[in-house]
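Only the coordinates and a few stated rules stand behind these numbers; no lab work does. Keep in mind that what you see is a predicted model, and the values were worked out from it rather than measured. Using ideal geometry, Cβ is built from the backbone for each residue, glycine included, and neighbour counts are taken over all protein chains shown.
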Amino acid sequence: MRILHVLSQKPDFTGSGKYVQEMILQGRAKGHDPFLVAGVSADFAMPAGLIAPERCKLLRFDGHDLDFPVMGMSDVMPYPSTVCSSLTRLQLVEYMAAFRRIVGAAVAGFRPDVIHSNHLWMVTAVTREVAPHIPLVTTCHGSCLRQHHLCPDLGRSLRGTLGRIDRIIALFGQQKRAIVDLLDIDPDRVDVIGGGYNELCFFAGDKPADAGAVQLLYAGKLDSSKGVPWLLRSLRRVEGPWRLHLVGAGSGAERDLCLRLATELGDRVTVHGVLSHRELGGLMRQSDIFVLPSFFEGLPLVLLEALACGCSIVTTDLPGARELFGESPPRTVRLVELPPLETVDRPFKADEPLLESRLTEALQAGMADVLGGVEPDPEYVGKVTEPYSWRGIFARIEGVYEAARKAQGKGQK
């Protein structure tokens, strides 16, 4: 099967970027023929071994194909990017026209059997318009739903076209309900299939016998929507021996704030920057507690990766986390309740002391368990992680491809 993958941003270490990489690799392993269209920064280099230059078309930003930085699906990306809500009318027109040209060229030259796009947003709408008679499957990663809230007028202009997608993949049940409500479509056209994690990189190993302190780890974007400043401020109140490892990147004032707060905590915080999957897996196996204090997530696969490496978990009680861990997780998984938020990814200023108190309490309890010898139950870890191997995930997605082809064959929209 010839599969055209479409991504509005670069296929790197971020959520949808990792996802597209795995779709390409898993598809090739199953004998499919992949082709990639992606929007990338001027200096982007394709990850080694992912796809040959003649099997992709890249739309370069930063003064090449388009004058402005690549548009991120989140308002804060781990690299220089353009915020969607800040695009001028002319930039929007140029953006849509550029993707219309490059997707159209890929469709004409590659002649795909199926198109797999990512995000229920502008580039997917363009793809549907360019290729109305080719089966289209779209994965929602969550950030696109946030853009519908942040840019409501633009979102309303796209909904009719997005409603003509053949099949949509949601990462968890609550997200499916949000998609159905947003696009007013038949729930049977939305399949719930979570993302996966790389078992060759993320697996359990022996923890250090005595590191002298409880090793805490955060991995993700360095910005406020991920709760990093909240975490760093909470750690001022956490008693006992601890060290925090910060993994990831950010940009602008948000990154600068995170790095300043980390510096204020002295040598108890190590900033690692961006790590490869293998490097991150190794660091997870050396860590005791993985912390995800985010205010907004789709299905947070980094929690699966950390769990598979033997970490205890402290995370905010978001729908995606609840989907992974169930309603009654063991004590080595602590879900921190969030108060109502001011926006989809920002708390009310008045609630910040409450947030710090709750996170401090969860971290303190998690550290007490580590120091007391309480470890994650391997049986529970296996039960949670087993359904999320990439091989199994892609097998289910192949079924979605076939359903999309049947829908096109019957003329069902």
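Annotation: extensible slack from Leu265 through Ser328 equals 19.3 nm (criterion: 0.36 nm per residue apart, minus Cα-Cα distance).
Based on the mean of other beta carbon atoms within 10 Å per residue, what is the order of 308-320, 340-352, 114-126, 58-70, most packed first?
Numbers: 308-320: 23.6, 340-352: 13.4, 114-126: 26.5, 58-70: 17.3.
In descending order of packing, they fall as 114-126, 308-320, 58-70, 340-352.
Per-residue packing, averaged as other Cβ atoms within 10 Å, sorts the ranges 85-94, 195-204 into the order 195-204, 85-94, beginning with the highest.
Which net charge results when you count Lys and Arg as +1 and Asp and Glu as -1 among the other residues whose beta-carbon is under 15 Å from that of Gly250?
Details: positive: Lys221, Lys226, Arg255, Arg260; negative: Asp12, Asp75, Asp223, Glu254, Asp256, Asp345.
Residues near Gly250 contribute -2 overall.
With a threshold of 25 Å on the Cα-Cα distance, the over-threshold entries among Lys57/Lys176; Lys30/Lys221; Lys10/Lys221; Lys18/Lys383; Lys30/Lys57; Lys221/Lys349 are Lys57/Lys176; Lys30/Lys221. Under 12 Å from the Cβ of Phe110, count the other residues' Cβ atoms, weight Lys and Arg +1, Asp and Glu -1, and hand me the total. Taking every other residue near Phe110 into account, the sum is +1.
For the pair Ala213 and Arg177, a Förster radius of 35 Å applied to the C-beta separation gives a FRET efficiency near 0.25, rounded to the nearest 0.05.
Each peptide among 165-173, 262-270, 393-401 gets the average number of other Cβ atoms lying within 10 Å of its residues, and from highest to lowest they stand as 165-173, 393-401, 262-270.
Shape class for segment 306-413: oblate, because the ratio a/c of the largest to smallest gyration tensor axis (alpha-carbon atoms, square roots of eigenvalues) is 1.5 or more and b/c is at least a/b.
If you average 1/r across every pair of different Cα atoms in segment 254-310 and take the reciprocal, what Kirkwood value do you get, in Å?
Numbers: mean 1/r = 0.0765 Å⁻¹.
After inverting the mean inverse Cα-Cα distance, the result is 13.1 Å.
Relative to its Kirkwood radius, the Cα radius of gyration of the chain gives an Rg/Rh of 0.96.
Based on alpha-carbon atoms, the Kirkwood radius and the radius of gyration of segment 89-244 give Rg/Rh equal to 1.11.
Test of understanding: what is the full-extension gain from Val93 to Ala105, defined as 0.36 nm times their sequence separation minus their Cα-Cα distance? Write out the running numbers ahead of the final one.
Details: separation 12, 0.36 × 12 = 4.32 nm, distance 1.83 nm.
Here the segment from Val93 to Ala105 would lengthen by 2.5 nm.
Would you kindly state how much longer the chain becomes between Asp256 and Glu352 on full extension, computed as 0.36 nm times their sequence separation minus their alpha carbon distance, in nm to one decimal? Walk me through the numbers on the way to the answer.
Values: separation 96, 0.36 × 96 = 34.56 nm, distance 1.97 nm.
Residue separation times 0.36 nm, minus the Cα-Cα distance, leaves 32.6 nm.
The eigenvalues of the Cα gyration tensor, multiplied by 5 and square-rooted, give segment 220-355 an equivalent ellipsoid with semi-axes of 20, 20, 15 Å from largest to smallest. Helical content of the chain, expressed as a calculated mean residue ellipticity at 222 nm, amounts to -12500 deg cm²/dmol (DSSP H runs of 4 or more residues, -39,500 (n - 2.57) each, divided by residue number, nearest 500).
In this simple spin-label approximation, Asp153 and Ser276 carry label points 7 Å from Cα along the Cα→Cβ vector, and these lie 4.7 nm apart. Percent of C-alpha pairs per 10 Å bin in segment 1-71, short distances first: 21, 54, 22, 4.
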